[in-house]
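S.K.: Dumping the structure here so I can ask a few things about it.
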Amino acid sequence: MATMQFWGGVGVIGSSKVMVRDGGHRVLLDLGMDIPRGGDLFRAPAGTRPGGGLADRIAVGAAPAIPGLFDPAALDPGDRLADPAEPTAVFITHPHIDHVGLAGYVRPNVPVHTSPDAARLLRALTKAGDGLAGGDPDWIEVADGEPVQVGPMRVERIPVDHDVPGASGYLVHTGDGTLAFTGDYRFHGHHPELSWGFAERVAGCDVLVTEGTTLSFDEHHPLRTEADTERSFAEALDGNPDLVIMTVYPRDFERVERFTALAEAAGRTIVWPDRIAAFLADLGLAAPLSHSALGLAGLREAPGRYVFQLDADKLTDLLDLPAGPATVFLHANGEPLGPFEPRWQLFADWLAKLGIEHRRIGNVGHAYQDDTHKFLHRIAPKVVVPIHTLSPYRLHPVTDTMRLVVDYAQTYDFAGRPVAD
């Protein structure tokens, strides 16, 4: 009998981990770092013990106690989780920390799959000194639609649109039917056809496991699109004689490329923190200008010719910047990511103290509520499981689809019935 378990994404945004079992084999879809709803116990100034990144998190329930998955070297001595279990394969949907953050701790004999673009980005992060805790696994790149056999199960990777290269969902074929997992997706970026294409390819599946991030909040219309974000960026540069400061998430490489072109059209160059410049160069951005290459003297000589990407961990750099009356800070989904982050209030306090206008010009990287429902209705699965959301009951099937709101680590069959372990 094929079964499913949910080791993350239950009652929280992020932390996705979906386990599918069939015929004595396991497929794990995503292995994200847990994002606790009540706050991360290891947030600054706290931290894990040296060498205890995984073991410490498991000890306080901030990482999943999945038997036989993790490298024994990353566990406490004598931990029974190190005992061998069924043959397992991991499939990562995209390179965001809440979907891939624990992949560096898997046992050496557990294969870890992802898309070629995601693998390339993750390798570039590691090269720039910002890789996964525990180190990179040996990434196995899976082409679009290429079947991967895991015991009796067959797994297909299907692209979706999200705010990072290589985002994918997966379709798992088992002896008891098919399970589709969306990963994270959207329809208001530049490639909605990818997410709609996923819907077409998995239509009629037995189980759809979908993220529901935007269900967690009340939406305020008009809803912003990626085109709106680019327009806001261009408007902030237009006719502005002073330095513009920004924070954009470097893993959103398409936005980085488009912002770079918009800045050049306005006669400006984006200046990146050194580590980010190295990362972007490795991904293929042409000659990104780093902080150290320009220097403060160069920035002060002609501030109106630049857009300065702030390092969120170096807020005091703001004291050195040649801000003018028209200087504005553009938050485009960079770090700190939002008010839910402990760093956010300090960040906002610094901007307020220095009298720098703060504009939030980004947009959410997840499907809006109406689009999520259209997506669900187009697929028309027998069972839908909303995860990666604070409000799973806001997902409303209108067909014969059954909505299943799951419990953490509980086993279910593909009809949505709990199964005793």
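The values are calculated or read from the model by the stated rules, or taken from the named source; none is laboratory data. Predicted model, so just to flag it, every value in this text is computed and none were measured. Note: ideal-geometry Cβ built from the backbone for every residue, glycine included; neighbour counts use all protein chains shown. Surface accessibility is based on the protein's heavy atoms, side chains included, excluding ligands, DNA and RNA. Shrake-Rupley method; radii C 1.70, N 1.55, O 1.52, S 1.80 Å.
S.K.: Over the chain, what is the mean sequence separation of C-alpha contacts under 8 Å (at least six apart), divided by residue count, expressed as relative contact order in percent?
M.R.: After rounding, I find 18 percent.
S.K.: If you don't mind, there's one more thing I want to ask. Can you list residues from other chains, or at least 5 along the same chain, whose modelled amide H is less than 5 Å from the amide H of Val244?
M.R.: Long-range HN contacts for Val244: Tyr306, Phe308.
S.K.: Right, something else. At what distance in nm do the modelled label points of Asp136 and Ala297 sit from each other, each positioned 7 Å from its Cα along Cα→Cβ?
M.R.: Placing both labels 7 Å along Cα→Cβ, they lie 3.7 nm apart.
S.K.: Sequence neighbours fewer than 8 away in the same chain don't count; with that in mind, list the lysines whose C-alpha is under 27 Å from Lys374.
M.R.: Lys17, Lys382
S.K.: Scan the stretch 281-319 for trypsin sites (Lys or Arg not before Pro) in coil per DSSP, keeping those whose Cβ has at most 15 other Cβ atoms within 10 Å, and list them by number.
M.R.: Counting only loop positions with at most 15 other Cβ atoms within 10 Å, the trypsin sites (Lys or Arg not before Pro) in the stretch 281-319 are Lys314.
S.K.: A follow-up question, please. Quick check: from the Cα gyration tensor, does the stretch 225-338 come out rounded (a/c under 1.5), prolate or oblate?
M.R.: In terms of gyration-tensor shape, rounded.
S.K.: Using only helices, what value at 222 nm comes out for the chain when you add -39,500 (n - 2.57) per DSSP H run of length 4 or more and divide by the total residues, to the nearest 500 deg cm²/dmol?
M.R.: Details: 10 runs with 102 residues, N = 421.
Helix-only estimate at 222 nm: -7000 deg cm²/dmol.
S.K.: Let me ask you something else. What's the FRET efficiency of Leu319 with Glu193 using the Cβ-Cβ distance as r and R₀ = 45 Å, to the nearest 0.05?
M.R.: That pair, Leu319 with Glu193, gives E of 0.45.
S.K.: Hey, can you grab everything whose amide H is under 5 Å from the amide H of Val419? Only 5+ residues off in sequence or another chain; H modelled, so Pro and N-termini drop out.
M.R.: Here Thr411, Tyr412, Asp413 satisfy the definition.
S.K.: While we're looking at this one, here's another question. For the stretch 271-351, which whole percent of the accessible surface, found with a 1.4 angstrom probe, sits on carbon and sulfur atoms?
M.R.: Carbon and sulfur: 54 percent of the exposed surface of the stretch 271-351.
S.K.: Given contacts defined as C-alpha pairs under 8 Å and at least six residues apart, what's the relative contact order of the stretch 354-421, whole-number percent? Provide the component values of the computation, followed by the final result.
M.R.: Values: 50 pairs, mean separation 16.9, N = 68.
This gives 25 percent for the stretch 354-421.
S.K.: Let me ask you something else. Quick one: net charge of Pro108's neighbours, Cβ under 14 Å, K/R +1, D/E -1?
M.R.: On the way: positive: Arg107; negative: Asp71, Asp136, Asp138.
Once positives and negatives cancel, what remains is -2.
S.K.: Sticking with this structure for a sec: With the dipole of the chain worked out from charges on the C-beta (+1 for Lys and Arg, -1 for Asp and Glu) around the Cα centre, which of Val406, Val328, Val248 lies farthest toward the positive end?
M.R.: About the Cα centre, the residue reaching furthest to the positive side is Val406.
S.K.: Averaged per residue, what accessible area in Å² does the stretch 319-410 show with a 1.4 Å probe, protein chains only?
M.R.: 49 Å²
S.K.: Further question: Taking amide H atoms as placed 1.01 Å from N in the peptide plane, list the residues 5 or more away in sequence, or in a different chain, whose amide H sits under 5 Å from that of Met402.
M.R.: When sequence neighbours closer than 5 places are left aside, the close amide H contacts are Val383, Val384.
S.K.: Within 11 Å, Cβ to Cβ, of Leu330, how many net charges do the neighbouring residues add up to if Lys/Arg are +1 and Asp/Glu are -1?
M.R.: Numbers: positive: Arg359, Arg360; negative: Glu235, Glu357.
With Lys, Arg at +1 and Asp, Glu at -1, the neighbours total 0.
S.K.: Same structure again: Roughly speaking, what is the stretch gain from Ala143 to Ala46, that is 0.36 nm per residue apart minus the C-alpha to C-alpha distance, in nm to one decimal?
M.R.: 30.9 nm
S.K.: Return, for the Cα atoms of the chain, the radius of gyration and Dmax in Å, separated by a comma.
M.R.: When restricted to Cα atoms, the chain yields Rg and Dmax of 22.1, 69 Å.
S.K.: Considering only the other residues whose Cβ falls under 11 Å of the Cβ of Lys17, what net charge follows from Lys and Arg at +1 and Asp and Glu at -1? Spell out each step's value before the answer.
M.R.: Details: positive: none; negative: Asp30, Asp34, Asp98.
Spelling it out: positives minus negatives among the neighbours equals -3.
S.K.: Looking only at the stretch 289-421, where both bridge partners belong to it, what percent of the DSSP beta bridges are antiparallel (to the nearest 5)?
M.R.: Taking every DSSP beta bridge within the stretch 289-421, about 25 percent pair in antiparallel fashion.
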